[in-house]
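Okay, structure first, notes after.
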Amino acid sequence: MAEQSTSYTLSETARTEIDHWLAKFPAEQKRSAVIAALTVVQSEEGGSLTTPAMDAVAAYLDMPPIAVYEVGTFYSMFDLHPVGRHKISVCKNISCMLMGADDIVAHLQNKLAIKLGETSSDGRITLIQEEECLAACGGAPMMVVDGHYHENLTIESVDSIVDGLE
Amino acid sequence: MSDSSTPEMVTIEVDGQELQGPAGAMLIELTDKACIDIPRFCYHDKLTIAANCRMCLVEVEKVPKPLPACATPIMEGMKVFTKSDKARMAQKGTMEFLLVNHPLDCPICDQGGECELQDLALGYGRDISRFSENKRVVADKDIGPLVATDMTRCIHCTRCVRFSEEIAGIRELGATGRGENTEIGIYIEGSMQSELSGNIIDLCPVGALTSKPFRFTARAWELVQQPSIAPHDSVGSNILVHARGSQIMRVVPDRNESINEVWISDRDRFSYEGIGSDDRLTTPRIKTNGVWHDVEWQVALQAVADGLRTTSADQLAAITSPTSTLEELYLAQKLMRALGSSNIDHRLRLGDVRDQDSAPAFPGLGCSIADLESLDAALVIGSNIRKDQPILAHRLRKASNAGAELHFINPVDFDFVFSVANRLIIGPAGMVGATAAVAAALLEANGKSVPADIRNLCTASEVDQGAKAIAGSLQQAPRSMVFLGAIAESHPDYSVLRSLACTIASECGGQCGYLPQSANSVGACLAGAQPHRGVGASTVSDSGRGLAALVEGGMSGCVLLGVEPEADCDDPAHVIAALEDCGFVVSMHAFTTETLEQVADVMLPIAAFGETSGTFVNAEGTWQSFSGVVPPRGDARPAWKVLRVLGNVLDVEGFEYESSEQVRDELHRACEGVGTDTSQHGNCYTTALDVGLMRVADVPIYSTDALVRRSPALQKTGDAASFLARISHAQAAQLGLSDGESVSVVQGDARQVCTVVTDTRVPESTVWLSCGTAKAAMLGASIGPVSLEKGSGEGML
């Protein structure tokens, strides 16, 4: 390429944090740090990834951009469209489903007046489209709010968690 | 797999038949060899194993579940059943799942009739679908002007993804999303950059990736297939031409492991579109008082004979295209020499003829095409090999993947698809210094003294370190080669570069090879289409004038064979001027151009690619003959026949041929004993090039010959020629120019307005301004002094 017109530059903090992850892998396998790098960039970018941001990660990790897009589009923890200030993922897999996950989802949808995959009109909360088992079956039903696990949910506990979000 | 020891042989039984194969081989490799049919979509013998389509499931004794034949290594005593109830059930089950989301609309699919899924669905599919839910739909992507997409039809075999990574060397396709939402594509808006991208059309087992220019124009069963040879680069890729009636509809690759394996470049695949270009010449024409008239063949041939007969022999010349067939070139030179003239040349882009007498008779690769893969080190001088000879670059890529060290001395840091160990990127004048530095380093490493001739050329001290590294690598490699590319050939110091390259080659125990530019560059030398050498590259007593000398000294009668002076020559402006001064010019060509109409007096329409029989000699020296697939358009005739009749009209002896094979056989006998040795040394160490700001030009991949220049699809790609002056940031700063600014490019007396682009690939003191555009053609030689003047238009500084 003549010059990649990357309109996105990784911040100093992002680089430091990615370097921290890179140190854990062999030097010729920089791509091993791609999930960590995308997580770092996503949290810096307000919860979602843009193509230029993924390009910047690709350049930094010496990967073909498409290989980064593949990872970015595969995992549900990466969002490719702008999201609200908080992300809520309700587990809908078997244990949680048996313990009433559907009711929790219905309640959240009603409460926030949005469907799964949408963001509340005040830009406060995004309900993630789909979430499979998050490895907390013992505490079913459960949900993840901004990376924090909340287990043994009831409608009341969900209300208090959601109302506490700014 | 280790190649040093022969692997242990293993015996297995498939459907009761005993088979033997090397340990570690996959089951499907053995069954394919034994012609036992196992259905598959994702397996391809040239790609890595993905085992993701699951269509090749077979039953193996003592294994509870069916196994994929493509990913199951053979084991001693293994008993396999490919058609048992269990195997069939697994295969049919896979097919049912594949068809869950695949549209059942074969009649409107371009792949219909030649679709692997359609074919296998006939044997393994059910009559009625049990899937009553909605099928998924995937939006189509625009991945460029060559490959059409219908991604709803994709079955995610990932052959195209693996091809782009493993063969093309640019990982641009991928599988994004997951589960039911998985999509194959390039994710971003844009075009594929690979010059081999068309191969994914053949690889795609369904109608997801099809040929954009061919799309919806014909059905597979309407086409007649004939083998032929690609007429562009010096590889001579084996192709299959598909025609309907008298029209060539498309070109696909033919398998030839020793030449192109199973791949062809996009140039070979899509150039056929040019055959039907609007500027095809279909009737003989004569110019009287500046006006062109269509005439009968007899009238035109008589006019040509009269014109040639009345020209004095030393003023008579033939300028021929290196894409002409062997037969055409042989007859053209035979005719010229019979008329007493040796002024015949095909070296249209050669920059320096000083040491032409010591050039090898066979200026080819110096090794076989397949041998490129087993090189341990190579130095390539002046070549954008990836775009010039994509298939040779693919072989070098295989060598590089196997650990070979590839080194380049180039005036532009071209993008390659393999790793380059050392690159000396330096302007045209510096290239000589850099090559000399490598030669000097090698001589020193071998404990020899460096001759003063070479020492004096080592002027570019900044490359010393790189030169030493290259010398060390070449010296240590068991098998190494030095190659001279297209840019070296058009270099005003080509003789010097060649002499140095020969020194390097002999000092490292390798060979100096050449990367011929056109389909028949090598053949033209054998056919005698050079002024200083006759048939079989024999020495001649009456050496004639080459293109440069003809332009310099003038001529009064000239035959152009397949040549468009404005686009095929290194210094078009001067060639055109010489032709304008020439009293009588005949153009034998399949097309007409404004320039030809301006300089020619008679035009003879000749057959284009696919319309004539002939022979090309490729870079490794293989003679490949082909026959015509469709009749020539209009009144056009194969050029060898035109030349034969012209010989008859001129009463020249020895023109009584009945077939092109007869012509070829006569030449073949004369070429016995020429061989494919390229080691003949040069001995020229005086540079002709000054220092200072220098233009350097490559011939872009889709500007190389008349046919590709007329292919609309290829001209829409990012590789099409553009008129831009690319300079380094430092150079721009020094000249006070900025990116995107308009400047006047001045080369000799010529001046053109051009846009400046700063480019990190260009070294100091260099302006990279490619050939291939009308404006570039008017500037002058591809390598020469240039200046950039600020401001454009009238009243400039």
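The table that follows gives values for the structure above.
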{"item": "Members of region A:68-127 found to be more than 14 Å from chain B (Cβ to nearest Cβ) and charged (D, E, K, R), listed by number", "result": "A:R85, A:K87, A:K92, A:D102, A:D103, A:K111, A:K115, A:E118, A:D122, A:R124"}
{"item": "Residue, nearest to B:V161 (Cα to Cα), within region B:58-77, restricted to residues that are touching a helix residue (DSSP H, G or I) at 6+ places or on another chain (Cβ under 9 Å) and open to solvent by 20 Å² or more (accessible area, probe 1.4 Å)", "result": "B:A71"}
{"item": "Residue satisfying condition, being aliphatic (A, V, I, L, M) and on the phi > 0 side of the Ramachandran plot, within set A:A67, A:A135, A:A59", "result": "A:A135"}
{"item": "Selection status of B:E29, free of Cβ contacts under 8 Å to residues at least 24 places away in the same chain and exposed (fewer than 12 other Cβ atoms within 10 Å of the Cβ)", "result": "no"}
{"item": "Contacts under 7 angstrom Cβ, first residue in region B:306-331 being surrounded by 20 or more Cβ atoms within 10 Å (Cβ to Cβ), partner among the basic types (K, R), 6 or more apart", "result": "B:L326/B:R664; B:E327/B:R664; B:L331/B:R644"}
{"item": "Selection within region B:397-424 - within 14 Å of chain A (Cβ to nearest Cβ) and hydrophobic (A, V, I, L, M, F, W, C)", "result": "B:V412, B:F414, B:F416, B:V417"}
{"item": "Unique match (being away from chain B (no Cβ under 13 Å), touching a residue at least 24 places away in the same chain (Cβ under 8 Å) and β-branched (V, I, T)) among A:T39, A:T50", "result": "A:T39"}
{"item": "Residues being more than 19 Å from B:A208 (Cα to Cα) and either surrounded by 22 or more Cβ atoms within 10 Å (Cβ to Cβ) or touching a residue at least 12 places away in the same chain (Cβ under 8 Å) (or both) - total across region B:122-167", "result": "9"}
{"item": "Members of region B:111-121 that are closer than 20 Å to B:T217 by Cα and surrounded by fewer than 17 Cβ atoms within 10 Å (Cβ to Cβ)", "result": "B:G112, B:G113, B:E114"}
{"item": "Unique residue being in contact (Cβ under 8 Å) with a residue 12 or more places away in the chain, at the interface with chain A (Cβ under 8 Å from one of its Cβ atoms) and aliphatic (A, V, I, L, M) when the list is B:I184, B:I170", "result": "B:I170"}
{"item": "Filtered residue count, region B:400-411, keeping only those that are of a type in the set (A, V, I, L, M) and surrounded by fewer than 22 Cβ atoms within 10 Å (Cβ to Cβ)", "result": "1"}
{"item": "Condition broken by B:H394, with the remaining ones in (1) assigned to a helix (DSSP H, G or I); (2) surrounded by 24 or more Cβ atoms within 10 Å (Cβ to Cβ); (3) touching a strand residue (DSSP E or B) at 6+ places or on another chain (Cβ under 6 Å) satisfied", "result": "(3)"}
{"item": "In region B:476-509, residue nearest to the chain's Cα centre (by Cα) [restricted to those that are under 18 Å from B:A452 (Cβ atoms) and open to solvent by 10 Å² or more (accessible area, probe 1.4 Å)]", "result": "B:T503"}
{"item": "Qualifying residue in region A:24-34 (condition: open to solvent by less than 60 Å² (accessible area, probe 1.4 Å), within 27 Å of B:M192 (Cα to Cα) and within 14 Å of chain B (Cβ to nearest Cβ))", "result": "yes"}
{"item": "B:R159 being within 13 Å of another protein chain (Cβ to nearest Cβ), in contact with a Pro (Cβ under 9 Å, 6 or more places away or on another chain) and either within 26 Å of B:R54 (Cβ to Cβ) or at pLDDT 95 or above (or both)", "result": "no"}
{"item": "Cβ pairs under 7 Å, 6+ apart, first in region B:659-676 and under 14 Å from B:F616 (Cα atoms), second at pLDDT 95 or above and assigned to a loop (DSSP other than H, G, I, E, B)", "result": "B:S660/B:S613; B:V663/B:Y657"}
{"item": "Tally, over region B:547-581, of residues that are within 24 Å of B:W297 (Cα to Cα) and open to solvent by 10 Å² or more (accessible area, probe 1.4 Å)", "result": "3"}
{"item": "Answer residue from region B:746-781, given it is of a type in the set (D, E) and more than 14 Å from chain A (Cβ to nearest Cβ) and is least open to solvent (accessible area, probe 1.4 Å) among those", "result": "B:E764"}
{"item": "Residues that are open to solvent by less than 20 Å² (accessible area, probe 1.4 Å) and touching a Gly at 6+ places or on another chain (Cβ under 8 Å), drawn from region B:235-259", "result": "B:V241, B:A243, B:I248, B:I259"}
{"item": "Pick from region B:187-206, criterion open to solvent by 10 Å² or more (accessible area, probe 1.4 Å) and not in a loop (DSSP other than H, G, I, E, B), ranking: nearest to the other protein chains (Cβ to nearest Cβ)", "result": "B:I201"}
{"item": "Residues of region B:411-426 satisfying the condition of being charged (D, E, K, R) and under 17 Å from B:I727 (Cα atoms)", "result": "B:D413, B:D415"}
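So that you can scan it fast, the table gives a plain yes or no per residue for (1) under 26 Å from A:R85 (Cβ atoms); (2) assigned to a helix (DSSP H, G or I); (3) at pLDDT 95 or above:
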{"residue": "A:M1", "(1), (2), (3)": "no, no, no"}
{"residue": "A:S5", "(1), (2), (3)": "no, no, no"}
{"residue": "A:A33", "(1), (2), (3)": "no, yes, yes"}
{"residue": "A:V40", "(1), (2), (3)": "yes, yes, yes"}
{"residue": "A:Y60", "(1), (2), (3)": "no, yes, yes"}
{"residue": "A:A67", "(1), (2), (3)": "no, yes, yes"}
{"residue": "A:E70", "(1), (2), (3)": "no, yes, yes"}
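Here's the yes/no breakdown for (1) closer than 18 Å to B:D266 by Cβ; (2) away from chain A (no Cβ under 14 Å); (3) not in a loop (DSSP other than H, G, I, E, B):
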position	(1), (2), (3)
B:G113	no, yes, no
B:L117	no, yes, yes
B:R130	no, yes, no
B:N134	no, yes, no
B:P145	yes, yes, no
B:T152	no, yes, yes
B:A175	no, no, yes
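So that you can scan it fast, the table gives a plain yes or no per residue for (1) over 18 Å from the mean Cα position of the chain (by Cα); (2) crowded, with 17+ Cβ neighbours inside 10 Å:
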| site | (1), (2) |
| --- | --- |
| A:T51 | no, yes |
| A:A59 | yes, no |
| A:T73 | no, yes |
| A:G100 | yes, no |
| A:D103 | yes, no |
| A:R124 | no, no |
| A:G138 | yes, no |
| A:H148 | no, no |
| A:L165 | no, no |
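The values are calculated or read from the model by the stated rules, or taken from the named source; none is laboratory data. Just so we're clear, the structure is a prediction, and the values are computed from it rather than from any experiment. Counting neighbours? That spans all protein chains shown, and the Cβs are built from the backbone with ideal geometry, glycine included. With ligands, DNA and RNA removed, areas are computed over all heavy atoms of the protein, side chains included. Shrake-Rupley method; radii C 1.70, N 1.55, O 1.52, S 1.80 Å.
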